[in-house]
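First up is the structure itself, then whatever we jot down about it.
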Amino acid sequence: MKPFDPRLLRAVPAARRPVGVLAATGVLTGVATIATAFALSAVVVAVVERGDLTQPLVWLLALFVARAALAATTEWVGAWAGVSVSSALRASLLRAWGARDADSRPDPGTAVSLATSGAAAVEPYAARYLPTLVHAAVVPVLAVGTLVVVDWPSALVVVLTLPLLPLFAALIGRATEESTQRRWSALAALSGHFLDVVRGLPTLVTYGRARRQVDTVRAVSDRHRRATMETLRIAFLSSAALELLATISVAIVAVTVGLRLSHGSMALGAGLVAILLAPEAYWPVRRVGAEYHSAADGAVALDAILAELDHPQPPSPSPATLFPPNAAFGVGGEVRLERVTYAYAGSTVPVTRDLSLVAGPRLTVVTGPSGGGKSTLLDLVAGLRVPTAGTVAAPRAHYVTQRPFLATGSVREALTIGHPATDEQLWESLRAVGVDGVVASLPGGLSADLGDDGFGLSAGQRQRLALARAWLAPETVLLLDEPTAHLDPDGAAHLAQVVADLAERRVVIAVTHRDELLAHADQHVVVRRPDAAGSPLDTEESVR
Amino acid sequence: MSADTRPVWWPTAGTLRGGLLGGIATASGMALTATSGWLIVRAAERPVILTLLTAIVMVRAFGMARPVFRYWERLVSHDAALRLLADRRTRAYEGLIPLTPARLGRRRRADVLTGVVDDLTDAVDAQVRVTVPVLSTAVAGGIVIALAMALSMPVGLVMLALGCVVVLVSALAAALESRSLPELLAARAEVTRVSELVSSQSGELRAVGGWATAMTWLDRAHDTLARSTRRISAGRSLAASLYLVAVGAAVAVTAVIARDLDVATPVKALLVLTPVAVSDAVTPLVDAMRALARARGSERRVDALLGLSPAVVDRTTETAADTAADTDVTVAARPGATAYGRGGIELRDVTASWTGGRTDLAPTDLVVEPGTSVAVTGANGSGKSTLLAVLARHLDPTSGTYHLGGTDALDLPLAQARSQVAVVDDETHVLATSLRNNLVLARPDATDDAVDDALAAAGLTDLRNSLPDGLDTTLGAGGRGLSGGERARLGIARAHLSDRPLLLLDEPVAHLDPPTARAVVEDLTSLTGRTGADGGTRTVIMVTHRDDGADLFDRVVEVRRRPSATMTPTAVTQPGDRTHETGRPPRPGR
């Protein structure tokens, strides 16, 4: 694990400024810390020699105020860096995924955890670990450099002992690596147990097994404590060893300075500066180690996110960019699939094999058995999936999926998510699909809150809202997956007419297992399971 | 003060010891700085070397005491905190049992439960991050003030004043932190919500051209988060800087006093350097106040949840669902199964409410013959899940009657009523244990053959055969992961193995793609009417939002939201030979 990954700055330009400001603040803090040592020793000298205190005190107070301002700035900039780096990473990640097809994205579980807790874990990494890292890179160097000028023998002691810290850390790490690894995995299992049992509570309660787990919870928590303490003991011991090493080094500086002072070969002021500066060379290095542990999650998440951002672009860009809606496709555009084969990522069995299809303006109805790849066909046309073989040429499409997305928010927001529309247009579309009455009866009408996932609307009403949105969409190609699924026969017949009207103006491809739509079809396509005998596709032209 | 009303930072015996040890460590650190100063100034007076030896020994002693005591303190306080954590986890787990599942919210219960686990950890964290550092600073501060007073009363008073300022600044920091924290947490939650939505629904969003709009939601959530982070960091910045200004002022005043003090010059140096050393002890307080606000918030959330009263009362014992709800009655209650399995379900005018406020289930009648399968549909919020919770005895009805096999279900011992029902929801939990253990928790005496039967019935034979160690393969966290479809099927296999006469399913296939969903429902409905070990026949009731194979059920009923409308079994909308009218006797076991 690298202390700092420069890929961060390349991948997330928004991170450059806060990280830069952090570095600058770190340098200034280092300078102020060194200067404070001088001012303090001047004050002490003035006190013991009963000299004039005014000037050193003014310096000292000014430096404390400056350090206070810098501490406030570090806190402030750290928080700013944390939130902007993690937000920028999350936004880049989601934008990158948005440009990819379904198979080049990680599975939903991984995607959600990376975009939520993963990006959030980077926040402490940037807010706390990075400032410490800057501090550790700047202050020891400044301290040793100053010591070389003020009192070189002390500088020599520091230069000889300082490398022992990382060396000891590495030695301790290596000596305990094996047992630490073993303990960590045991620890992960033990600490996961409580979460596992608690998340399983509904199941355990259902089957009357919850209460007998109480003793297990107690016993495992106790084992968890003992295992944690074993691991912590090693960690604490090694950090105590490093601290001891550092204090002994500082004590050597103090004693040699003391001896030289008593010989009269050194001035008091220089001696004081030396003993005040020596600790500054050691502790930032130790603190990096401590902060690194708390930021380790962030470092791991950062690595995973940067790897996702480095992910090669999908082999073929989405149809929307390949084939922008233009005159080349004729008045209404045209959808053309040539010998398209598609298998889900990781699967060798294709869902769709050797499928060819041309859908011109008007209504194409696709039917076929469950699992025959009907929805996959629409996904391919919409560019959400990329064929394993063959080509798909289609203008940008508006696609009403089986469970269409309806955002939390007002009816108006749900309908205009992809395109602007005036209230008159909204009402017109609602009238067209026959939910104007329902929406008008809602409190607030178009402003009525749909709530989480469209609270209070039946599946059929949601379906109609999604069709109203499709009605408003500017795209020339309309893909509908089971548009009449949740409706009673009358409603389905009405919506079939709506779909037919829509097909007057556009290319409409509808997947259905019901008859109402077929009556309006200009072209009827039957897909079969690829394993079924015969041609994978029967196309049957029908005229209204 | 009783254990439940204590503030979250209240020390345990262990962290009290940790605080004292930490105080010695901190004081040693201060003494190291001060005695080093004394040593240097004394050396500059060029005394006989031997007289310096005492000081050299002291410098070394303090230098070694600090890491040693710090190590000791960390061991003691972490052990104490982990003991407290073990205790609180056990108590919280016990407290959650009677609240499960009805009081855990109606959606995403696993997230609520994960929240409890995290909150407990944060609350106990206060011991190590707040109690011990504050005690350490207080102990060290007390020692320093006392010693300073012994050397010079005016300097001692300066140190006392510094101590008071530190207390005030800490109080201010804690107050500012507490004030801004809820806003920050809300902003974080919104970012999580939007990014979860965008990352899990990116296909649906792109399908309707809503991608760009969703990204503006994300940007807005990020802006709000940035604003509230700035606000909370303003408070932290203020505290961090005030500590340093106070220390600077204390050094200056001490220097002025010490200059003309009638003590040995090395002691003057010692006095001037003491407040400087204090700043090292005070800096950790910024973090401590931050952890305090966080722990208080977590504690409040845990208390609020655990303080709820259970949603069901056991009339036979006149107690809220607690111990009785969960003792292992699976075997003891078997006789009741006959009545249940043969008698069917009869709900009359049942209403129910999750919170006691608004009515979530309007007056509802429902009659289900044993051995039939029923799909319950209805708009979001119409009360489908509420109905299921009443049937499962997870929630007491507000009014109306609920009869099981002619007996008032509310008069049955809770544990007995519940032992008749297997519930499968849309978030089947796979425990981190073997496949066998994951199943037999539903019936501890099940043989491997019975387990294999259940797997076959739920369509999991292929999975079982593909596992390296068969039934002994570890699943769940740290083991083999299962797909959403496999998880749903595992829940169904569990329910089947339990051999309970009533199978209740709450949108078990909500998160599956349509072909998988339909396949799962097909396997599921084939379990209907099976004859159990006790001779009863199994009834299956499934709540579904979309028409995931609703046509495969014997009956489809719709729940309506309007308080005036009672639920009536609607005409079956899907044609098909498997549908038949309400009240038809159950077909023979399939």
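The values are calculated or read from the model by the stated rules, or taken from the named source; none is laboratory data. These numbers were taken from a predicted model, which means no experiment stands behind them. All Cβ positions, even for glycine, are placed from backbone atoms using ideal geometry, and neighbour counts span all protein chains on display.
Working only within segment A:117-166, note down all residues that are crowded, with 24+ Cβ neighbours inside 10 Å, small (G, A, S) and over 30 Å from B:L184 (Cβ atoms).
Hits for segment A:117-166 are A:A143, A:S154.
For segment A:487-504, check the following and say yes or no: at least one residue is away from chain B (no Cβ under 11 Å) and within 36 Å of the chain's Cα centre (by Cα). Spell out how you get there, then give the answer.
From segment A:487-504, those away from chain B (no Cβ under 11 Å) are A:490, A:493-504; that's our starting set.
So of that shortlist, the ones also within 36 Å of the chain's Cα centre (by Cα) come out as none.
Within segment A:487-504, none of the residues are away from chain B (no Cβ under 11 Å) and within 36 Å of the chain's Cα centre (by Cα).
Cβ-Cβ below 7 Å, separation at least six or inter-chain, first residue in segment A:162-188 and of a type in the set (D, E, K, R), second at pLDDT 75 or above and in a helix (DSSP H, G or I): which pairs?
Close Cβ pairs (under 7 Å, with a partner that is at pLDDT 75 or above and in a helix (DSSP H, G or I)) amount to A:R183/A:A227; A:R183/A:E230; A:R183/A:T231.
Residue-wise test of (1) closer than 20 Å to A:L472 by Cβ; (2) in contact (Cβ under 8 Å) with a residue 60 or more places away in the chain; (3) away from chain B (no Cβ under 14 Å); (4) not in a loop (DSSP other than H, G, I, E, B).
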position	(1), (2), (3), (4)
A:D379	no, yes, no, yes
A:A414	yes, no, no, yes
A:H419	yes, no, no, no
A:L446	yes, no, yes, yes
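Can you work out which of the residues in segment B:107-121 that are among the charged types (D, E, K, R) and assigned to a helix (DSSP H, G or I) is farthest from the other protein chains (Cβ to nearest Cβ)? Lay out the reasoning, then the answer.
Pass one, segment B:107-121, residues among the charged types (D, E, K, R): B:107-109, B:111, B:118-119.
Filter once more, keeping what is assigned to a helix (DSSP H, G or I): B:109, B:111, B:118-119.
Values: B:R109: 6, B:D111: 9, B:D118: 9, B:D119: 11 Å.
For segment B:107-121, the residue satisfying everything is B:D119.
Taking helices (runs of 4 or more DSSP H) that fall entirely within segment A:108-187, which contain at least 1 residues that are modelled with pLDDT under 85 and of a type in the set (S, T, N, Q)? It would help to see each step written out before you state the result.
Numbers: elements: A:108-113, A:119-124, A:130-150, A:152-161.
Filter on segment A:108-187 gives A:108-113.
Take B:P47 and decide whether it is in a loop (DSSP other than H, G, I, E, B), farther than 25 Å from A:H193 by Cα, of a type outside the set (F, W, Y) and more than 33 Å from the chain's Cα centre (by Cα). I'd like the intermediate steps shown before the answer.
On the way: in a loop (DSSP other than H, G, I, E, B): yes; farther than 25 Å from A:H193 by Cα: yes; of a type outside the set (F, W, Y): yes; more than 33 Å from the chain's Cα centre (by Cα): yes.
Against the criterion (in a loop (DSSP other than H, G, I, E, B), farther than 25 Å from A:H193 by Cα, of a type outside the set (F, W, Y) and more than 33 Å from the chain's Cα centre (by Cα)), B:P47 qualifies.
Looking for something of a type in the set (A, V, I, L, M), surrounded by 18 or more Cβ atoms within 10 Å (Cβ to Cβ) and touching a Gly at 6+ places or on another chain (Cβ under 7 Å) - is there at least one such residue anywhere in segment A:43-53? Give the steps one after another, and end with the answer.
Filtering segment A:43-53 down to residues of a type in the set (A, V, I, L, M) leaves A:43-48, A:53.
Going one step further and asking which of them are surrounded by 18 or more Cβ atoms within 10 Å (Cβ to Cβ), we end up with A:43-48, A:53.
Those left that are additionally touching a Gly at 6+ places or on another chain (Cβ under 7 Å): A:44-45.
Within segment A:43-53, one or more residues are of a type in the set (A, V, I, L, M), surrounded by 18 or more Cβ atoms within 10 Å (Cβ to Cβ) and touching a Gly at 6+ places or on another chain (Cβ under 7 Å).
Yes or no: segment B:191-208 includes at least one residue that is farther than 30 Å from A:D481 by Cβ, touching a Ser or Thr at 6+ places or on another chain (Cβ under 9 Å) and not in a loop (DSSP other than H, G, I, E, B).
Narrowing segment B:191-208 to residues farther than 30 Å from A:D481 by Cβ: B:191.
Checking which are touching a Ser or Thr at 6+ places or on another chain (Cβ under 9 Å) leaves us with B:191.
Applying the additional criterion that residues be not in a loop (DSSP other than H, G, I, E, B) yields B:191.
Yes, segment B:191-208 contains a residue that is farther than 30 Å from A:D481 by Cβ, touching a Ser or Thr at 6+ places or on another chain (Cβ under 9 Å) and not in a loop (DSSP other than H, G, I, E, B).
Table: residues versus (1) among the polar types (S, T, N, Q); (2) under 21 Å from B:S309 (Cβ atoms); (3) in a loop (DSSP other than H, G, I, E, B).
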| site | (1), (2), (3) |
| --- | --- |
| B:R358 | no, yes, yes |
| B:A362 | no, no, no |
| B:L366 | no, no, no |
| B:T386 | yes, yes, no |
| B:A389 | no, yes, no |
| B:Y402 | no, yes, no |
| B:A422 | no, no, no |
| B:L431 | no, no, yes |
| B:R436 | no, no, no |
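Being at negative phi, charged (D, E, K, R) and out of contact with any Pro (no Cβ under 7 Å at 6 or more places or on another chain) is true for just one of A:R50, A:R67. Which residue is that? Before you say what the answer is, go through the steps one by one.
Numbers: A:R50 fails: at negative phi.
Just a single option satisfies the conditions, and that option is A:R67.
Considering segment B:187-220 alone, what residues qualify as being farther than 30 Å from B:A288 by Cβ, of a type in the set (A, V, I, L, M, F, W, C) and surrounded by 17 or more Cβ atoms within 10 Å (Cβ to Cβ)? Walk me through how you get there before you give the answer.
Just the residues of segment B:187-220 that are farther than 30 Å from B:A288 by Cβ, to begin with: B:193-220.
From what's left, of a type in the set (A, V, I, L, M, F, W, C): B:194, B:197-198, B:205, B:207-208, B:211-212, B:214-215, B:217-218.
Those that are farther than 30 Å from B:A288 by Cβ, of a type in the set (A, V, I, L, M, F, W, C) and surrounded by 17 or more Cβ atoms within 10 Å (Cβ to Cβ): B:V194, B:L197, B:V198, B:L205, B:A207, B:V208, B:W211, B:A214, B:M215, B:W217, B:L218.
Quick one: count up the residues across segment A:111-135 that are under 17 Å from A:P3 (Cβ atoms) and not aliphatic (A, V, I, L, M).
The total comes to 7.
Would you confirm whether any residue within segment B:138-149 is assigned by TED's automatic domain parsing to the domain that holds B:V276, in contact with a Pro (Cβ under 8 Å, 6 or more places away or on another chain) and farther than 22 Å from A:A72 by Cβ? If you could, list the steps in order and put the result at the bottom.
First, the residues of segment B:138-149 that are assigned by TED's automatic domain parsing to the domain that holds B:V276: B:138-149.
In the following step, the residues that additionally are in contact with a Pro (Cβ under 8 Å, 6 or more places away or on another chain) were identified as none.
Looking for residues that are assigned by TED's automatic domain parsing to the domain that holds B:V276, in contact with a Pro (Cβ under 8 Å, 6 or more places away or on another chain) and farther than 22 Å from A:A72 by Cβ, one finds none in segment B:138-149, hence no.
Would you tally the residues in segment B:17-76 being surrounded by fewer than 21 Cβ atoms within 10 Å (Cβ to Cβ), of a type in the set (K, R) and over 18 Å from B:L273 (Cα atoms)?
2
Out of all the residues in segment A:40-72, which are among the β-branched types (V, I, T) and more than 8 Å from chain B (Cβ to nearest Cβ)?
Just the residues of segment A:40-72 that are among the β-branched types (V, I, T), to begin with: A:43-45, A:47-48, A:54, A:58, A:65.
Within segment A:40-72, A:V45, A:T54, A:V58 qualify.
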